[in-house]
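Here's the structure, in structure tokens; my notes come after.
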Amino acid sequence: QAFIDRKLKEHMASHNIQSVYCSTLHNEGRTIGALYLENRSQVNAFTDYTNFIEHIVNQIAIVIEYFFLVSNLDSVVARAREKNEQLEKVNQMKDHFVRTISDELQSPLSSILELVDHLKKEMHHPEQIQICDMIRSSSQ
């Protein structure tokens, strides 16, 4: 602390600074910045305006936090769009897979159903006909 006080006094003397005001910017319990004011023309220039300056400091903190939230929101929206595009691609791949499998299954299934229909015509026992009907209904 003594080092900082000494450096501040050196800075003030070398730049003819009469008054200094420094305040931290807080929002939701977090320090997000600092406000540093200098006045070269008047001693205790900020004393009568402390409440007003603190009000301004609080407003600045809110604006900075809002800026970070908006910036973060843009980033979140961009990531969501990217994920959505990936999901669209996966969905297209799924649709292609289902179409391909459906086509692959349909060809042998058609042959099996034709065979079941042919067998049913040749069957004479009700149990055999019922089994053919079950195979046909299961394929739909």
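Of note, I62 satisfies the criterion of being of a type in the set (A, V, I, L, M), on the phi < 0 side of the Ramachandran plot and open to solvent by 80 Å² or more (accessible area, probe 1.4 Å). Among the candidates N58, N84, N91, the residue that is more than 24 Å from E28 (Cβ to Cβ), of a type outside the set (A, V, I, L, M) and over 14 Å from the mean Cα position of the chain (by Cα) is uniquely N91. Of all the residues in region 1-55, those that are in a loop (DSSP other than H, G, I, E, B) and either touching a residue at least 60 places away in the same chain (Cβ under 8 Å) or of a type in the set (F, W, Y) (or both) number 1. The condition of being part of a helix (DSSP H, G or I), of a type in the set (G, A, S) and open to solvent by less than 90 Å² (accessible area, probe 1.4 Å) holds for S75. Look at region 96-114: where a residue is without any contact (Cβ under 8 Å) to a residue 24 or more places away in the chain, no partner that is open to solvent by 100 Å² or more (accessible area, probe 1.4 Å) sits 6+ places away or on another chain with Cβ atoms under 8 Å. Only a single item in (1) open to solvent by 80 Å² or more (accessible area, probe 1.4 Å); (2) in a helix (DSSP H, G or I) is not met by Q140, and it is number (2).
In the list A78, A61, which residue meets the criterion of being at pLDDT below 90 and aliphatic (A, V, I, L, M)? Of A78, A61, the one residue that is at pLDDT below 90 and aliphatic (A, V, I, L, M) is A61.
The set of residues in region 116-126 that are open to solvent by 60 Å² or more (accessible area, probe 1.4 Å) and free of Cβ contacts under 8 Å to residues at least 12 places away in the same chain comprises H118, K121, E122, H124, H125, P126.
Residue-wise test of (1) at pLDDT 85 or above; (2) of a type in the set (S, T, N, Q); (3) touching a His at 6+ places or on another chain (Cβ under 7 Å); (4) open to solvent by less than 80 Å² (accessible area, probe 1.4 Å).
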| residue | (1), (2), (3), (4) |
| --- | --- |
| S71 | no, yes, no, yes |
| Q86 | yes, yes, no, no |
| K89 | yes, no, no, no |
| Q92 | yes, yes, no, no |
| D95 | yes, no, no, yes |
| Q106 | no, yes, no, no |
| E114 | no, no, no, no |
| I129 | no, no, no, yes |
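The values are calculated or read from the model by the stated rules, or taken from the named source; none is laboratory data. Everything numeric in this text was worked out from a predicted model, so none of it was measured. Counting neighbours? That spans all protein chains shown, and the Cβs are built from the backbone with ideal geometry, glycine included. The accessibility values were calculated without ligands, DNA or RNA, using every heavy atom of the protein model including side chains. Shrake-Rupley method; radii C 1.70, N 1.55, O 1.52, S 1.80 Å.
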